[in-house]
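Down below is the structure, laid out as structure tokens.
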Amino acid sequence: NPDRDRAMTGTFQQGFAWGAATAAYQIEGAWDEDGKGASIWDTFSHHEGNIYGNHNGDIACDSYHKIYQDVELMKQLGLTHYRFSISWPRILPDGTSKTINQAGIDYYRELIDALLEANIKPMVTLYHWDLPQALQDIGGWENDMIVVYFNQYADVCFREFGDKVKLWITFNEPSEFIKEGYETGCLAPGLKHQGTSVYRVAHNVLLSHGTAWRTYDNKYRASQKGMVGICLVCNWAIPYSNSKEDVDATERFIMFMFGWFANPIFGSGDYPEAMKQQVMMKSREQGLTSSRLPDFNEEEKSLILGTMDFLGLNYYTTKRVRHLASPTYPASLDADQDLHCTYDDDWPTSGSTWLRPVPWGFRELLRWVKNKYNNPPIYITENGFSDPNLESEGYPNLDDICRSKYIRSHINELLKAYIMDDVDIRGYMTWSLTDNFEWCDGYSSKFGLYHVDFTDPSRPRTPKTSVKTYRQIVKDNGFL
Ligand code: GBH
């Protein structure tokens, strides 16, 4: 479709949220300061061999000590919103509300006040992957008690910060931290529990989300008047061929990545049919008498369904999907899907093997979400690009033209979705404000609009070219 890539001019509605996103463990540092408890990421990154170059987030961008510098960067960009996450063990060192760490509360209060002072609204993620180690020691998300502890934590946050925070996100990308944390072992806590654990963990995450949303709804909504949503990451996917097998595999791919959480919360009220059938079939092949995917009882269904004031959508890339039957053993989330993902060779590369910029896939995904899930309000909570070829281009390469292009083309597709497809889009947060600790890639992978020198103890920030690009779009509220 030759028209597909043509840029359009136009603007978003007044009051559109323009932001940047970060996460506590990736930027804060101060990993054991002022009474903070250890998180699973402290444990995981301190264990040799888990992270590229044995990097860790002990200091990271030192954002814990740089509130005002970071807010200054946001002011330079002209942002109206900032999405950050709270470190659970910084405010509840052992995970439970038995002990509240006042210094942690004070830090987030200071950050929130600095933002509001600069006329920037906070959007706060409760869980961006840094579970208190004390809770991991009793099984983490595999222990059904986690629902109670997450609710205690959410309740403390709503109570302490809810007078000033009006946009809450319970979880960032459950599909990712569950798969990589409990099955492949690539992310903390680094477990390799194959085949069943991921589904049980997801069940507990969904119950935790629903319970926390209801706490807000019952105790805080009337006085605080905020909104609570969840961030789901979804790739767009297109079939490898027109065969029914490949088309079905593509649908399955999206259901395993997105529908797994979207359907129980704001769709059918249950796991997707394609997923139920597929995991049941695989489980039978393995000689099991019941599916590895748990059933919801009616009480659980009604606890979870409808617990969403907005969808936080993270979009990075698109995949081409074909059907491929997996061997019966070992059982895994991947094997359960019977598919294989590739990309087209003419999709540009980035610094991350998994990330190929496909801007039109963004619009397709938005249109699909609108039609499939009855037009939910959507904030784009992450979208971003990693600097390519650091060595060959010389580093630091501050002239990040690829990122500028990525940002411009993706926001333009977002504009098309808003204007031409009537998608209910409320805002856009770019990932990320600064280069930061990119999980298992450590500091080797750079997603920031601002460069950070991690060899310098003062962690200086320097704008890349994309700062100008994004600032202009924000200023124009789109493309004039
Ligand atoms: C986001 O996840 C995270 O929320 C954020 O913390 C992170 O810094 C940012 O992305 C950049 O990575 O294709 O098998 O190699 C993005 C989700 C992460 C999902 C990488 C796919 C690779 C899986 N993606 N992951 S694979």
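The values are calculated or read from the model by the stated rules, or taken from the named source; none is laboratory data. Because the structure is a prediction, the values reported are computed rather than measured. With ideal geometry, Cβ positions are generated from the backbone for all residues, glycine too; neighbour counts draw on all protein chains shown. Heads up: the accessible areas ignore ligands, DNA and RNA and are worked out on the full protein's heavy atoms, side chains in. Shrake-Rupley method; radii C 1.70, N 1.55, O 1.52, S 1.80 Å.
Annotations
- For the stretch 97-138, filtering for residues that are in contact with a helix residue (DSSP H, G or I) (Cβ under 8 Å, 6 or more places away or on another chain) and either part of a loop (DSSP other than H, G, I, E, B) or within 16 Å of the ligand (Cβ to nearest atom) (or both) leaves 12.
- GLU160 at pLDDT 95 or above, in contact with a Phe, Trp or Tyr (Cβ under 9 Å, 6 or more places away or on another chain) and either over 20 Å from GLY312 (Cα atoms) or within 13 Å of the ligand (Cβ to nearest atom) (or both): yes
- Residue pairs meeting the criteria (Cβ under 7 Å; at least 6 apart or on separate chains; first at positive phi and touching a residue at least 60 places away in the same chain (Cβ under 8 Å), in the stretch 441-465; second within 16 Å of the ligand (Cβ to nearest atom) and in a loop (DSSP other than H, G, I, E, B)): GLY442/ILE51; GLY442/HIS55; ARG459/CYS61
- Any hit, the stretch 211-231, residues being hydroxyl-bearing (Ser, Thr, Tyr), open to solvent by 50 Å² or more (accessible area, probe 1.4 Å) and closer than 18 Å to PHE256 by Cα: no
- Inspection of the stretch 208-229 finds a residue satisfying the criterion of being within 16 Å of the ligand (Cβ to nearest atom), in a strand (DSSP E or B) and on the phi < 0 side of the Ramachandran plot.
- Of THR469, THR462, all but one fail to be in a helix (DSSP H, G or I) and either away from the ligand (no atom under 16 Å from the Cβ) or in contact with a helix residue (DSSP H, G or I) (Cβ under 8 Å, 6 or more places away or on another chain) (or both); the exception is THR469.
- Whichever residue in the stretch 339-360 is within 13 Å of the ligand (Cβ to nearest atom) and of a type in the set (Ser, Thr, Tyr) and, among such residues, is nearest to ARG403 (Cα to Cα): SER350
- For the stretch 6-58, a tally of residues being under 19 Å from the mean Cα position of the chain (by Cα) and within 16 Å of the ligand (Cβ to nearest atom) returns 14.
- For PRO132, the criteria (1) in contact with a strand residue (DSSP E or B) (Cβ under 8 Å, 6 or more places away or on another chain); (2) surrounded by fewer than 19 Cβ atoms within 10 Å (Cβ to Cβ) hold in every case but one, which is (2).
- Filter result (assigned to a strand (DSSP E or B) and open to solvent by less than 20 Å² (accessible area, probe 1.4 Å)) within the stretch 232-258: LEU232, VAL233, ALA237
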